[in-house]
Amino acid sequence: MTGIVQRTFAVGTPPNRLLRFGLGVLALVMVLIALRNLLLLYPWGADLEIPLRAARRWLDGGQPYLAQSFTAGPGYDLPYLYPPYLLPLVAPLLWLPRGLVTVAWFGACLGAAAFACRRLAIPARWWPFLLVWPPFAEGLLGGNVQILLFAAFTALFWKDPGGGLSHSPTGTAPFHPIPYVPTSADRPAAADGLLGAAIGALKVSQIHPWLFLVRRRRRAAALGAGAIVGLTLLTLPLTGVQLWSDWLAQVARASDPNWDLIGAALTRYLPRPLGLAITAGSMLAVFAVPTRRAGAWVGLLAVIGSPSLHVFGLLFLLPAMLTIRREIALVAALLVATYTLEGWWLAIAMVGAALLASERWAWVQEPVPGSIPGR
C-alpha cells in the first residue's frame, strides 16, 4: 500500500498523472458551473458603469459617494469606492460613445489578463482554462480594475519569459515564472515605484507590493508615492478637500461587516478588532517574507489582509498556487470555484500552509519539469 501511495504522489508517474487529471476535471466542472451562473446572473460591465455614474454625479454637482448605495443589491447601483483623484480621469470618458468606451475597457482588461498569464509563464493553450476561473471570469465580465492591478503585480515581481516556454533545463519552464526582485540594477526605480504604488493607490487594502518596495528599494517606493501625491495635488483644485472626507466616510462604511456585500472579510467571522489586527499584521509581515519567492508571499498576504475580499481579489493567490504542488493547487482552485466564503478561506489556508511548508520541504513545491526523471 505504501508503494502505491508513493507512486501516486511521485510527480511524473502514471498514477500521479491520473490523479492530476482527475483533480483537473473536477476543478474544471466546478469552474464551468460557476461560469454558467455568472453568465446568467452577473451584471455585465458593472465595475465600469459604477465609476462612470459616479463621475456623472460629480460633474452635475452631486455626490459621487452615496451612502444609500450600501442598501443596493448586486448591480449598477453599488457604492463607488475609488479615491477622488480618479473622478477627473474618468469624467472625459462620458463625452465618448458608451459602446466605444465599453469595448476599449473590456479589451484592456482582456489584454491585462493575457499579460499576467504570460508573465506567470502559463502557456497560451492554457489561458482559456485560467480565464474562465472565477477570479478572472468575474473580473472580466464586470470590467473590474483588479485585472489591471494584477497585471501590474506580475510585472513587478516576475520577468518576461522571453522567446517562449520550454521543458528543457535551459529554457523557461511552463508554469514556473522567472522571479524578479526589485533592485537598482535591473529596472528603473520609477518603473518599480509606479507599478507598486498604482496597486495600493486604487485598492488601499492592497498596499503590500508598495510596502515590499519600502523594504527592498526605498527610492522606488518614494518615487511611486510621490507620483500618487502629485496626482492628488494636481486634481485637488477640481475635487476639493471635502470630497476626500466623503471618500473616507465611504471607505469606513465599506468596511462595516454588517454590509451584505462586504465579501469574505475576516470581520464577518472574527471580532472586528481581531480582523483589523490581522490586516495590519499582513502588512507588517511583508517586511519578513523570503526574498527568493517574494511575489508569491506578497500576493498571499494581500489576500489574507484584505478587509473586503471578493473573488477577483483571489487572483493574487495564483502565484503561490503555481509554486506549490499541483495537486494542492487544483483542490484550491476547485474550492474557489464553489463561490462559498468557507471554500475561499479553506483554499487560502491550504495554499498558505503549503507555501509555508515548501520553505522547509522541497517536495511540497511543484518541481521544474526538466528536473523530473523521464520528462
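So, A285, is that one in contact (Cβ under 8 Å) with a residue 24 or more places away in the chain, part of a helix (DSSP H, G or I) and touching a helix residue (DSSP H, G or I) at 6+ places or on another chain (Cβ under 8 Å) or not?
Judged against the criteria, A285 is not a match.
Being modelled with pLDDT of 95 or more, within 16 Å of A302 (Cβ to Cβ) and open to solvent by less than 40 Å² (accessible area, probe 1.4 Å) is the requirement here; does L211 meet it? Yes. In region 327-340, the residue that is nearest to P367 (Cα to Cα) out of those that are touching a helix residue (DSSP H, G or I) at 6+ places or on another chain (Cβ under 7 Å) and open to solvent by 20 Å² or more (accessible area, probe 1.4 Å) is I328. Restricting region 83-97 to residues that are open to solvent by less than 30 Å² (accessible area, probe 1.4 Å) and touching a Pro at 6+ places or on another chain (Cβ under 9 Å), the residue that is nearest to G142 (Cα to Cα) is V90.
In region 3-24, the residue that is surrounded by the fewest Cβ atoms within 10 Å (Cβ to Cβ) out of those that are over 28 Å from the mean Cα position of the chain (by Cα) and small (G, A, S) is G3.
Scanning region 246-255 for residues that are closer than 22 Å to L66 by Cα, outside any helix (DSSP H, G or I), at pLDDT below 90 and open to solvent by less than 10 Å² (accessible area, probe 1.4 Å) turns up nothing.
Confirm whether L231 is assigned to a helix (DSSP H, G or I), open to solvent by 30 Å² or more (accessible area, probe 1.4 Å) and not basic (K, R). Before the answer, list the steps.
Values: assigned to a helix (DSSP H, G or I): yes; open to solvent by 30 Å² or more (accessible area, probe 1.4 Å): yes; not basic (K, R): yes.
Here the answer is yes, as L231 does meet what is asked.
Taking region 215-224 as the range and being open to solvent by 40 Å² or more (accessible area, probe 1.4 Å) and either touching a Cys at 6+ places or on another chain (Cβ under 9 Å) or closer than 20 Å to R293 by Cβ (or both) as the test, the residues that pass are R215, R216. Candidates R53, R57: the one that is free of Cβ contacts under 8 Å to residues at least 12 places away in the same chain and open to solvent by 40 Å² or more (accessible area, probe 1.4 Å) is R57.
Within region 282-298, restricting attention to residues that are within 13 Å of I207 (Cβ to Cβ) and of a type outside the set (A, V, I, L, M), the residue that is surrounded by the fewest Cβ atoms within 10 Å (Cβ to Cβ) is F287. Restricted to region 85-149, the set of helices (runs of 4 or more DSSP H) holding at least 1 residues that are within 30 Å of P237 (Cα to Cα) comprises 87-90, 98-119.
Give region 270-281 a look and list any residue that's open to solvent by 30 Å² or more (accessible area, probe 1.4 Å) and either touching a residue at least 24 places away in the same chain (Cβ under 8 Å) or of a type in the set (G, A, S) (or both), or say none. Write out each step before concluding.
So the first thing to find is which residues in region 270-281 are open to solvent by 30 Å² or more (accessible area, probe 1.4 Å), and the list is 270-274, 276-278, 280-281.
Within region 270-281, L276, A277, I278, A280, G281 meet the criteria.
Of P182, P169, all but one fail to be modelled with pLDDT under 90, part of a loop (DSSP other than H, G, I, E, B) and under 27 Å from G281 (Cβ atoms); the exception is P182. State whether one or more residues within region 317-326 are part of a helix (DSSP H, G or I), surrounded by fewer than 22 Cβ atoms within 10 Å (Cβ to Cβ) and in contact (Cβ under 8 Å) with a residue 60 or more places away in the chain. Within region 317-326 (the criterion being part of a helix (DSSP H, G or I), surrounded by fewer than 22 Cβ atoms within 10 Å (Cβ to Cβ) and in contact (Cβ under 8 Å) with a residue 60 or more places away in the chain), the answer is yes, since at least one residue qualifies. Counting the residues of region 25-50 that are of a type outside the set (G, A, S), within 30 Å of L243 (Cβ to Cβ) and either more than 25 Å from the chain's Cα centre (by Cα) or buried (at least 17 other Cβ atoms within 10 Å of the Cβ) (or both) gives 4.
The values are calculated or read from the model by the stated rules, or taken from the named source; none is laboratory data. As the structure is a prediction and not an experimental result, all values here were calculated from the model. As a convention, Cβ positions derive from the backbone with ideal geometry for all residues, glycine included, and neighbour counts pool all protein chains shown. Please note that ligands, DNA and RNA were not included when accessible areas were found on the heavy atoms of the full protein model with its side chains. Shrake-Rupley method; radii C 1.70, N 1.55, O 1.52, S 1.80 Å.
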